[in-house]
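The structure appears right after this line, and notes come after that.
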Amino acid sequence: MPGTDIAVTGLGLITPAGTGVEASWRGLLRGRSLAAPDPLLTGLPVDFSCAVPDFDADAVLGRRLSWRLDRFVHLGLAAARQAVADAGLDPDTWPSQRVAVVLGVGSNSLERYETAFRLLREDRIEDASPLSLPRSVPNMLAGEVGLDLGARGPNFTTNSACASGATAIGVARDLLRAGVCDIAITGGSESGRARGAAAFFGRMGALSQRRPPRTASRPFDADRSGFVLGEGAAVLVLERAADAAQRRAPVRAYLSGYGASADAYHFTSPHPQGLGAEAAMLTALADAGLEPDDIGHINAHGTSTVHNDVAESRALRRVFREPPPVTANKSVIGHTLGAAGAIEAAYTVLTLQHRTIPPTANLDKLDPEIDLDIVSGDPRPSSLNAAMSTSFGFGGQNAALLFRSP
């Protein structure tokens, strides 16, 4: 029911900033972009990305399971295991029928499909893996997590483009409020490091070609020219606050508000005034029963594209009048597409826990059209009790999540 807080009792994070919650948080606080040349993209006009370093799926998941799964499932499953362990839950003893899995994915696995389509074009069907479809379709992220953890409650993925991870968290919250489940494993995972993704986003003009790569992602900067492809996963374990208290589970934060909207304006460009973004933020505030002045930090969508950053800043100015300090994680870890909203939600929880706002990388000269207090240079200590994370995507999809300290 509205006004019912949902406890975040577990986190799992795998990002270009590091594997594991603490490693990823430390990497983010350094405030330096992790973009670098990517061997998978060699020869393309944009041949760099933000990759997860030193992630050995065979070692983490076992060779047989790793072979069967695709990269976006590798990352998501590993993050889900982390989150469940962090929450102190045991899949061997939990009420499996009451455990939901709701995860966001922005697209299919382009890398695997590229190989399969090449074999199809060359009339080499006999060489195609019989796993080409089941390892690559988006719903298998949730399906494989449920299978691995023995979670037998509602199980599905959400797709709202680059807002998918945030949408998944909001929908999982609604399932808990409605009493459909008692535990929700939620978040998102995606790897945009595929030649098709890099080529197609490049053709749209969405990717920055700035060199060196570490300077390319620069949200809110006057010289921004597009985003950098990334990969990663974040998973949150959500429970009703009363249930978390009953089992004496440590609570990292409370998810107090969720808002969603559609621009109904353009299939890729945001509304220039950010009207849909504004509506999602206002809905999240009303859902939480909070006023704009209660919010001490905004984790912005901040893609580093020309139109998105201006539209988002206009929406923030209208909602908050004097917006609180803002940061943009994509400046460091790149754009993780369907996972972005989940990763940024997890970082928002950590910001509240540590009372420290991570810096935005590469902010050399603030765009004069953007009137915001952007945290840059060094992390900023802050005594804050509530923070909002915003996510937007193609199709005019908007989502806002509001977290507060325990």
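Read-outs throughout are calculated quantities, based only on the coordinates presented, and are distinct from any laboratory measurement. Here the structure is a predicted model, which is why all the values come from computation and not from measurement. Quick reminder, even Gly has a Cβ in these numbers, built from the backbone with ideal geometry, and neighbours come from all protein chains shown.
Worth pointing out:
- Assuming charge only on the beta carbon of Lys and Arg (+1) and of Asp and Glu (-1), the dipole of the stretch 6-246 about its Cα centre is about 600 debye to the nearest 20.
- With at most 16 neighbouring Cβ atoms within 10 Å, loop trypsin sites (Lys or Arg not before Pro) (DSSP) excluded, longest segment of the chain: 153-246
- Debye intensity ratio in log₁₀ form over the Cα atoms of the stretch 171-296, taken at each q of 0.21, 0.23 Å⁻¹: -1.25, -1.30
- The tail of the calculated P(r) for the stretch 257-404 beyond 19 Å holds 46 percent of all Cα-Cα pairs.
- For the chain, the dipole from Cβ point charges (+1 on Lys and Arg, -1 on Asp and Glu) about the Cα centre works out to 340 debye, to the nearest 20.
- The average projected area of the chain, computed from the convex hull of its Cα atoms over all directions, is 18.3 nm².
- Charge-dipole axis of the stretch 6-246 as Lys and Arg at +1 and Asp and Glu at -1 on Cβ define it, positive-most pick from Leu41, Val73, Ala7: Leu41
- The Stokes-Einstein estimate for the stretch 6-246, based on a Kirkwood radius over Cα pairs and taken at 20 °C with 1.002 mPa s viscosity, is a diffusion coefficient of 114 µm²/s.
- Here Glu369 and Phe267 are evaluated by their C-beta separation; at R0 = 25 Å the FRET efficiency comes out at 0.55.
- Histogrammed with a bin width of 5 Å, the alpha carbon distances of the stretch 164-210 distribute as 4, 19, 17, 12, 11, 10, 9, 10, 6, 1 percent, first bin at zero.
- Of Gly276, Gly259, Gly377, the residue with the greatest mean-square motion in the GNM of the chain, using alpha carbon springs below 10 Å, is Gly377.
- q = 0.15, 0.17, 0.22 Å⁻¹, the stretch 299-365: log10 I(q)/I(0) [Debye, one scatterer per Cα]: -0.50, -0.64, -1.07
- Descending semi-axes in whole angstrom, ellipsoid equivalent of the stretch 51-193, from the Cα gyration tensor: 28, 17, 14
- Considering only GluC sites (Glu not before Pro) in DSSP loops that have at most 13 other Cβ atoms within 10 Å, the longest stretch of the chain without any of them is 123-368.
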